[in-house]
1. Which of 329, 250, 36 ends up with the largest GNM mean-square fluctuation for the chain, with Cα atoms connected below 10 Å?
2. Which residue fluctuates the most in the chain, going by a Gaussian network model with Cα springs under 10 Å, if the choices are 410, 89, 98?
3. Going by a ≥ b ≥ c, the root eigenvalues of the Cα gyration tensor, does the stretch 150-210 fall in the rounded group (a/c under 1.5), the prolate group (a/b larger than b/c) or the oblate group?
4. Suppose each label sits 7 Å from its Cα in the direction of the beta carbon; what would the residue 47-residue 310 distance come out to in nanometres?
5. Using every pair of alpha-carbon atoms in the stretch 58-115, split the distances into 5 Å bins beginning at 0 and state the percent of pairs per bin, rounded to integers.
6. If you take all C-alpha pairs in the stretch 223-375, what percent of them are over 28 Å apart?
7. What stretch of the chain, leaving out the sites themselves, is the longest with no trypsin sites (Lys or Arg not before Pro) in a DSSP loop having at most 12 other Cβ atoms within 10 Å?
8. Decide, for the stretch 290-440, between rounded, prolate and oblate: order the square roots of the alpha carbon gyration tensor eigenvalues as a ≥ b ≥ c, take rounded if a/c falls under 1.5, and otherwise choose prolate if a/b is larger than b/c, else oblate.
Amino acid sequence: MTAAPYVPSARPATAPATPGDRPYLLRCPVCREGYQDDGLRLDCAAAHRPGLLSTEYATAFAPGAGTGPFRYGCWLPTAGRPLPEGSGGATYRAERLGRELGLDELWVAFSGHWPERGATLATGSFKELEAQAVLARLPERPPVLVVASAGNTAAAFLRACSQQRVACVLVVPDTALPALATAGERADCVRLVTVAGDYTDAIELADAIAARPGHQAEGGTRNVARRDGLGTALLAAAETIGRLPDHYVQAVGSGAGAIAAHQAARRLLAAGFPAANGRAGADRGLPRLTLCQNTPFAPMVRAWQDGLAEPVIGSGPAVREAIATAHAQELTTRKPPYAVAGGVREILTESGGELLAADNAEAVAAGLLFAEVEGIDIAPAAAVALAGLRKAAAAGRIRPRETVLLHVTGGGRARHAAGRRPAAPVRPDLRIPAGLSAEAAAYLVTGA
Ligand SMILES: [Zn+2]
């Protein structure tokens with residue numbers, strides 16, 4: 001079926017209340033309160049159960065120029081400054097990979113580095129989409145942004161903040177330093193701190209730093225710019241395909257990317273964009289989400305399959321060991337926004353979706369398959385997503401003739417590095433030894 005050409009609808013425009021206000025609102029999903037955006041707000045001010053604020057745009061879907069996230073500036077929470085050109089991924093129809101999986105219409109959204117395909121994310125990860133959008137949302141003269149990361153997010157912020165001269169503190173585990181090598185030169189305004197521990201230790205320290213005067217937590221999934229920046233991958237894919245896919249497949253750690261894709265799809269439908277083939281009926285034409293975690297540490301899969309209110313994660317050596325053995329370290333978020341309003345459980349329910357687990361061997365095999373068939377390396381998390389898609393197709397949950405969008409959230413890094421001079425080792429400004437409290441470490445970092 002050929003999709004009808006999309007014509008932007010004239011959505012009712014809500015004029016900003018006062019001149020200078022941004023042309024969108026932040027909306028609380030719990031109490032429905034709306035906020036003018038100051039570029040920093042992460043939560044609703046009312047005391048109620050947690051929920052993820054979402055943006056409400058008065059603007060129609062009107063893609064601009066370029067291929068990066070700012071092509072979709074119409075649906076990004078920006079401060080109104082001129083936007084940089086930006087860099088983005090690419091969507092293509094993967095016929096050979098589709099044949100391997102028994103799928104007639106498989107599309108890949110490749111959020112990595114593959115210039116021949118038009119994917120120009122230098123760090124090889126979709127986290128660059130969110131970093132670019134987060135910086136574009138900041139007010140004039142922002143506080144120092146504090147970002148905790150398992151590696152990819154730090155690489156993305158290191159690159160974006162260095163290019164745009166935005167002050168930030170990046171906190172990563174020691175083991176994540178090699179992941180920063182692709183990010184390019186680090187400007188003086190970007191401070192890099194490592195902790196002798198894992199991602200959770202990095203988060204604790206970042207929280208303590210963000211509580212100091214003049215500092216502000218970037219906010220992770222709670223930051224609307226992060227989600228809407230990630231959501232541009234779905235907007236770009238839908239624009240390329242000409243309609244929404246029947247299925248959207250992605251690996252999840254926090255689930256921010258999946259929440260973003262779901263929200264972007266909802267927004268497109270509301271704007272009159274073509275739904276997936278034959279999906280416009282009872283289920284509202286939203287792509288069905290197939291989300292995947294990596295078995296050594298798959299807390300959301302267990303919560304979903306057992307119908308629990310919250311993932312049971314626990315603490316102690318057993319959890320650390322499970323995390324350490326995971327093939328996809330970037331999926332080992334311990335506090336995913338699962339049960340919050342607008343979170344992972346809600347988007348799965350709303351889309352008729354599913355959460356699957358793939359073990360390390362399945363993920364490694366999937367990564368090799370992609371490299372063999374498509375000719376490029378993909379990140380461990382993307383390999384987990386492909387392994388999940390393989391299982392869903394084999395089980396008949398995804399049928400051969402349905403349109404499937406696989407989001408490869410990272411790739412091309414090894415190919416990009418091959419044949420080049422190895423990048424110089426990345427050195428942090430400060431290494432925090434094991435055993436130091438987060439408070440004491442935050443003092444060392446900020447000097448206050
Ligand atoms: Zn509220």
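1. 36
2. Highest fluctuation of the listed residues: 98.
3. Taking the square roots of the gyration eigenvalues as a ≥ b ≥ c, the stretch 150-210 is oblate.
4. 1.8 nm
5. For the stretch 58-115, the binned pair fractions read 4, 17, 18, 18, 13, 12, 10, 6, 3, 1 percent.
6. 24 percent
7. Details: sites that count: 32, 165, 401, 420.
Here the longest segment lacking exposed loop sites spans 166-400.
8. Judged from the Cα gyration tensor, the stretch 290-440 comes out oblate (a/c at least 1.5, b/c at or above a/b).
Read-outs: derived from the displayed coordinates by stated rules, not from any lab. Just so it is clear, the model here is predicted, and its values are computed rather than measured. Note that we place each Cβ from the backbone using ideal geometry, even for glycine, and neighbour counts take in every protein chain shown.
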